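Following: one structure in structure tokens, then a few remarks.
The values are calculated or read from the model by the stated rules, or taken from the named source; none is laboratory data. Remember, it's a predicted structure, so these values are computed and weren't measured experimentally. Positions of Cβ are generated from backbone atoms using ideal geometry, with glycine treated the same way; all protein chains shown enter the neighbour counts.
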């Protein structure tokens, strides 16, 4: 049995970071391909949206039902097994002859892609305490890059072959990655000693007994909602007057957002120095300020680029800080803490997407900017009201020193 005394090598940290980004990317390959998929399966553009909906719902189920198993099962076998099953879902999608098979493949890939949320708490567990923030930041950099670059990669591979090429290549790379994880990950088994149904119930119990988790989950929900408000409607803006950009060009904007990965490492290092409150303040204030240049996106593409950069930096700063805080609360329940936090995070993102689409359809880009600014203000006010929660927590006091 491995313990937290095991120290991560730089090579293993980077492999885990790459793996985290690779598996989470499987949820986003379809987004730039929806027009092509609609033509292939004789769907209307609106009907093709069910592919994205199925991915989101399956991911939510995985967060609730699979991630807590990390506190019960041996981690290496669980991670490798889920990675292989995620690749299996991609292969089903690649071979789909009809929409039903594509939806089955999509749901399988999304369900098991939550392995990324098992890798992150494992990294936090294996890291030395003084390195934990840096390690979590590096893993979250990989996750962010996976989310943002999946669209760009999917568009490029589709242009080289067809939409099936995207899934074939992704599945192949994932199987190779699973083999590398099996070889390099240490055997690690720390069991909560609970039957499965009590393990799931304890996720909700943690919210009752850990006020810090409640506050950080709320901030996470706000931050991902704000992120989704921008990215859900930005393609509509860039494809319309005055830009009329192609899908390939729109996909390149993900490269700008990828700079947010820089904030993940910086926030992690500051967390190692006990500066969690400082990075939270900075991130929430920057989130609000980012909507000033974003509001002028129709008049200036430079303003939009500046806004994207600031917003993504701030979102990742808040998210990585939240994770570093919650991982210090209950070391024996990191996967269940992750499941609870990420479910809240996901709910926030889903609501942000719905609000963004509704705002754009009724008020255009001004409505999107207004919704984003109001949510940013809501997150900042929430932090102002509840920022003192957890200041007396022994684990957080120890981190500050």
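Within region 182-199, the set of residues being modelled with pLDDT of 90 or more and either crowded, with 20+ Cβ neighbours inside 10 Å or assigned by TED's automatic domain parsing to the domain that holds residue 331 (or both) comprises 185 only. Being crowded, with 16+ Cβ neighbours inside 10 Å and in contact with a helix residue (DSSP H, G or I) (Cβ under 8 Å, 6 or more places away or on another chain) is a property that holds for residue 163. Residue check: is residue 219 buried (at least 17 other Cβ atoms within 10 Å of the Cβ), in contact (Cβ under 8 Å) with a residue 24 or more places away in the chain and outside any loop (DSSP other than H, G, I, E, B)? So residue 219 fits the description; yes. Evaluated against (1) over 19 Å from residue 267 (Cβ atoms); (2) over 14 Å from the mean Cα position of the chain (by Cα); (3) in contact (Cβ under 8 Å) with a residue 12 or more places away in the chain, residue 339 falls short on exactly one condition, (2).
Filter region 39-59 for residues that are modelled with pLDDT of 80 or more and in a helix (DSSP H, G or I); which is nearest to residue 127 (Cα to Cα)? Going through the qualifying residues, I end up with 59. I'd like to know if region 98-121 contains one or more residues that are touching a residue at least 40 places away in the same chain (Cβ under 8 Å), under 30 Å from residue 206 (Cα atoms) and not in a helix (DSSP H, G or I). No, region 98-121 contains no residue that is touching a residue at least 40 places away in the same chain (Cβ under 8 Å), under 30 Å from residue 206 (Cα atoms) and not in a helix (DSSP H, G or I). Residues that are over 18 Å from the mean Cα position of the chain (by Cα) and assigned to a helix (DSSP H, G or I) within region 222-250 comprise 233, 234, 235, 236, 237, 238, 239, 247, 248, 249, 250, listed in sequence order. Condition check: under 26 Å from residue 345 (Cβ atoms) and at pLDDT 90 or above. Does residue 90 satisfy that? When the stated conditions are applied, residue 90 passes them. Restricted to helices (runs of 4 or more DSSP H) entirely inside region 283-401, those with at least 2 residues that are touching a helix residue (DSSP H, G or I) at 6+ places or on another chain (Cβ under 6 Å) and at pLDDT below 85 are 334-386. Of all the residues in region 1-32, those that are surrounded by 23 or more Cβ atoms within 10 Å (Cβ to Cβ), modelled with pLDDT under 85 and part of a helix (DSSP H, G or I) number 1. Listed by first and then second residue, the pairs with beta-carbon distance under 7 Å, at least 6 apart or on different chains, first residue in region 345-367 and outside the structural domain of residue 144 (by TED's automatic domain parsing) and free of Cβ contacts under 8 Å to residues at least 60 places away in the same chain, second buried (at least 17 other Cβ atoms within 10 Å of the Cβ) and assigned to a helix (DSSP H, G or I), are 367/359; 367/360. Total residues in region 67-82 satisfying the condition of being within 18 Å of the chain's Cα centre (by Cα) and at pLDDT 95 or above: the figure is 2.
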